[in-house]
Amino acid sequence: MPQSVIVLGGGIIGLSCAFEAARRGMRVTLIEPAALGGQASGAAAGMLAPYSENTEQPDSFFQLCLHSLRHFPEWIAAVEELSGLSAEWVRSGSINVFMHEADLLPIQSRLRWQNEWGADAQLIDAAQLRMLEPRLAQSAVAGIFTPHESHVYAPKLVTALEAACLKLGVTILLQAGEVDEVAVHPSGGVTVRAKALEQPVHADRVVVSAGAWSGAYERWFGLSIPVHPIRGQICSFEHPGGEVRHMVFSSQAYWVGKRNNRLVCGASEDVAGFQTHVTERGIGRLIRSSNKLFPFLEGKETAHRWAGLRPATRDGQPLLGKVEGMPAVIMAAGHYRNGILLSPVTAFIVADLLEGKPSELPLQSFDPNRFTPIPYRRRFV
Ligand code: GLY
């Protein structure tokens, strides 16, 4: 087992990997160029919704998401107990709302396979829909109620993970600036130099969990890392009465009622490079969808507007595993829309790889080497 690990990136994935590695007895240093959870993790609505986010088929990505959901009770309990902080986990269940009879056609096959995978989901008619969500528009014709989906308050989970990591002795280096060099030594070990760090940091292994910025590491590993940012614009409304009880999904947007009396509505998917500002167009679409599905929001101002950059890969699958020929380097990046949900399973897989154990789940679809033509791969073993 390695004695020491550097985790590059302090989003939900990096913090979770650091937490799990430290829980298993490793000495962990987390290096974050700016602030913890400052990007996609801080912007996220915190939905733990593998069924609503994967509606087509039970592929390996869905199975990864589901596995992670099943680990959430023990994971949240461990993080909250150690940190003494709440992640505001709300077991609300979710409702996918349909506005047209024609939308119902593909539902039976979705319900069939999702229930085979433990969704316990039900098709509900317009009357049941309004009983569960009384403030929904009259024009909604039916829905799928999925009871096991839930949500956390992502910024609080980040804070709780930080506190839990500190309790376990993780060294967290914030505002480290851009990483200048990751030197993977053929004889073993890794050295990381960053702009604002006075000293280089050395360890036995390194985990790259830099979200949308992960592509910057390809030059040091001879690895093609096609991770690119997809902006998610998101807004919230004052929601003191808690009128929206479940997570609600439509074909246009989703809504999540938080304990802080805010109803969060997300999210756009725009290509805007690394820009994180919101636009009238992006937020305007969310407002129009909100007014249509929840008429009580008509005329209400948004309370807050923000955006984050999701780390997307070319094939929609994360990069999760060891870099070929460089066993000291592990990738944990490209979780796109599901970083919060996938945080426990990613942390377990990464910690298993660090310990040299086989992963519980098949990782072929997530092989981080899959985009790199074989002649270009480095061989340090
Ligand atoms: N998981 C929701 C989103 O990425 O917008």
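Observations, loosely collected:
- Any hit, the range 234-248, residues being free of Cβ contacts under 8 Å to residues at least 24 places away in the same chain, at negative phi and in contact with a Pro (Cβ under 6 Å, 6 or more places away or on another chain): no
- Test for Leu85: is it over 25 Å from Arg259 (Cα atoms) and out of contact with any Cys (no Cβ under 6 Å at 6 or more places or on another chain): no
- You will find that of Lys156, Lys167, Lys195, the residue that is more than 16 Å from the ligand (Cβ to nearest atom) and closer than 30 Å to Leu263 by Cβ is Lys156 and no other.
- Residue tally, condition within 20 Å of Lys292 (Cβ to Cβ) and more than 16 Å from the ligand (Cβ to nearest atom), over the range 219-240: 3
- Top-ranked residue in the range 32-58 [being modelled with pLDDT of 95 or more and hydroxyl-bearing (Ser, Thr, Tyr); ranked as farthest from the ligand (Cβ to nearest atom)]: Tyr51
- Verdict on Gly266 being surrounded by 23 or more Cβ atoms within 10 Å (Cβ to Cβ) and not aromatic (Phe, Trp, Tyr): yes
- Among the residues making up the range 270-296, those that are within 26 Å of Arg135 (Cβ to Cβ) and either of a type in the set (Val, Ile, Thr) or touching a His at 6+ places or on another chain (Cβ under 9 Å) (or both) are Val278, Ile283, Ile287.
- Qualifying residue in the range 353-360 (condition: outside any loop (DSSP other than H, G, I, E, B) and free of Cβ contacts under 8 Å to residues at least 40 places away in the same chain): yes
- Residue within the range 347-366 that is within 15 Å of the ligand (Cβ to nearest atom), in contact with a strand residue (DSSP E or B) (Cβ under 9 Å, 6 or more places away or on another chain) and not hydrophobic (A, V, I, L, M, F, W, C) present: no
- Filter pass, Ala78 being touching a helix residue (DSSP H, G or I) at 6+ places or on another chain (Cβ under 9 Å) and buried (at least 21 other Cβ atoms within 10 Å of the Cβ): no
- Qualifying residues in the range 262-303 (those that are of a type in the set (Ser, Thr, Tyr) and touching a Cys at 6+ places or on another chain (Cβ under 6 Å)) - the one farthest from Arg314 (Cα to Cα): Thr302
- Condition check for Gly37 on (1) closer than 26 Å to Lys258 by Cβ; (2) surrounded by fewer than 24 Cβ atoms within 10 Å (Cβ to Cβ): one failure, at (2).
- Single residue of the range 250-309 satisfying the filter (basic (Lys, Arg) and part of a helix (DSSP H, G or I)) that is nearest to the ligand (Cβ to nearest atom): Arg285
- Residues of the range 50-65 satisfying the condition of being of a type in the set (Gly, Ala, Ser) and more than 15 Å from the chain's Cα centre (by Cα): Ser60
- The set of residues in the range 310-346 that are in a loop (DSSP other than H, G, I, E, B) and either over 14 Å from the mean Cα position of the chain (by Cα) or within 15 Å of the ligand (Cβ to nearest atom) (or both) comprises Arg314, Asp315, Gly316, Pro318, Glu324, Gly325, Gly334, His335, Gly339, Ile340, Leu341, Leu342.
- Only residues that are assigned to a loop (DSSP other than H, G, I, E, B) and of a type in the set (A, V, I, L, M, F, W, C) were counted in the range 1-28, giving 2.
The values are calculated or read from the model by the stated rules, or taken from the named source; none is laboratory data. Source: prediction; values computed, not measured. Backbone-built Cβ (ideal geometry, glycine too); neighbour counts: all protein chains shown.
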